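This report concerns only the one structure given below.
The values are calculated or read from the model by the stated rules, or taken from the named source; none is laboratory data. None of the values given here were measured: they were computed from a predicted structure. Positions of Cβ are backbone-derived with ideal geometry, glycine not excepted, and every protein chain shown enters the neighbour counts.
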């Protein structure tokens with residue numbers, strides 16, 4: 001049986017949809033998993049665009065509203081990556097329990113189902129929270145986003161779907177960024193991934209190609225592979241020889257690597 005993983009945020013612009021697409025691509029490319037990506041951002045969807053999928057007539061809203069089946073809303077990007085788009089017309093969905101009902105049977109056919117939620121606090125994000133077996137918050141190391149992340153963690157706990165961890169995106173390693181330790185303390189959640197702000201990501205998006213395929217040895221790609229490995233409880237080592245040499249002389253372990261190790265089921 002596969003599992004359903006929801007990626008949420010309460011602030012737009014943090015790269016949640018991009019992370020969903022890239023992690024899904026990594027799971028398929030690096031680990032041979034069959035992945036279903038579901039756009040649950042019913043108001044302003046764009047997950048399918050990351051894979052260059054634009055010619056579709058059936059959407060997740062059609063399945064939820066009973067106008068079609070979920071199977072007819074599934075579009076292949078490759079043999080191992082399938083995408084369920086949402087309507088660009090922003091069709092409203094009121095039954096936020098229906099998404100879970102539709103996705104549960106799909107766990108028999110996919111190793112991982114990734115759900116990209118709405119960044120707004122209303123019934124749309126509740127659909128993802130209820131449908132998911134695990135929840136992760138995508139955030140960035142700045143104060144406005146941190147306050148939104150704290151709110152997302154609180155709401156998830158109230159819905160009895162606690163946040164398993166945070167994924168920090170668009171890291172620039174600048175002094176003005178909030179340190180990992182402070183983010184963890186404020187949210188009472190562990191940071192399980194730190195994705196650098198990498199131009200390769202933007203180039204990949206412009207070509208509707210996952211960055212792990214466009215630039216497989218880029219820093220962002222390596223970190224995404226580490227996150228993907230953690231989600232499925234598998235191991236992953238940085239294949240770049242210079243990084244292996246650097247680690248020989250490294251005195252301290254990276255805190256995020258330690259977080260992944262300590263919370264892994266391996």
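The condition of being modelled with pLDDT of 85 or more, out of contact with any strand residue (DSSP E or B) (no Cβ under 8 Å at 6 or more places or on another chain) and either at positive phi or part of a helix (DSSP H, G or I) (or both) holds for only one of 247, 225, that being 225.
Would you confirm, using the coordinates I've provided, whether residue 38 is more than 19 Å from residue 207 (Cα to Cα) and touching a strand residue (DSSP E or B) at 6+ places or on another chain (Cβ under 8 Å)? Yes: the conditions hold for residue 38. One residue stands out among those in segment 72-84 that are touching a helix residue (DSSP H, G or I) at 6+ places or on another chain (Cβ under 6 Å) and closer than 21 Å to residue 118 by Cβ: the one that is surrounded by the most Cβ atoms within 10 Å (Cβ to Cβ), which is 84. Quick one: how many residues across segment 152-190 are in contact (Cβ under 8 Å) with a residue 40 or more places away in the chain, in a loop (DSSP other than H, G, I, E, B) and surrounded by fewer than 19 Cβ atoms within 10 Å (Cβ to Cβ)? Final tally of qualifying residues: 0. Among the criteria (1) out of contact with any strand residue (DSSP E or B) (no Cβ under 6 Å at 6 or more places or on another chain); (2) within 28 Å of residue 31 (Cα to Cα); (3) crowded, with 20+ Cβ neighbours inside 10 Å, the one residue 61 does not fulfil is (2).
Assess whether residue 69 counts as being over 14 Å from the mean Cα position of the chain (by Cα), crowded, with 22+ Cβ neighbours inside 10 Å and more than 17 Å from residue 132 (Cβ to Cβ).
no
Here's the yes/no breakdown for (1) at pLDDT below 95; (2) touching a strand residue (DSSP E or B) at 6+ places or on another chain (Cβ under 8 Å):
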| residue | (1), (2) |
| --- | --- |
| 66 | yes, no |
| 75 | no, yes |
| 80 | no, yes |
| 89 | yes, no |
| 102 | no, no |
| 120 | yes, no |
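When each of 138, 112 is tested for being closer than 18 Å to residue 44 by Cβ and touching a residue at least 60 places away in the same chain (Cβ under 8 Å), the lone residue that passes is 138. Pairs are defined by a Cβ separation below 6 Å, a sequence spacing of at least 6 or placement on different chains, a first member in segment 87-109 that is farther than 16 Å from residue 4 by Cα, and a second member that is at pLDDT 95 or above and not in a helix (DSSP H, G or I); the pairs so defined are 87/59.
Look through 146, 126 and report the one residue that is in a helix (DSSP H, G or I) and more than 17 Å from the chain's Cα centre (by Cα). Steps first, please.
Working: 126 fails: more than 17 Å from the chain's Cα centre (by Cα).
One residue alone meets the criteria, 146.
In the list 170, 154, which residue meets the criterion of being touching a strand residue (DSSP E or B) at 6+ places or on another chain (Cβ under 9 Å) and either at pLDDT below 90 or under 27 Å from residue 48 (Cα atoms) (or both)? Walk me through how you get there before you give the answer.
Details: 154 fails: touching a strand residue (DSSP E or B) at 6+ places or on another chain (Cβ under 9 Å).
Selected residue: 170, the only one of 170, 154 that is touching a strand residue (DSSP E or B) at 6+ places or on another chain (Cβ under 9 Å) and either at pLDDT below 90 or under 27 Å from residue 48 (Cα atoms) (or both).
The requirement of being in a helix (DSSP H, G or I), modelled with pLDDT of 95 or more and within 25 Å of residue 212 (Cα to Cα) is satisfied by residue 28.
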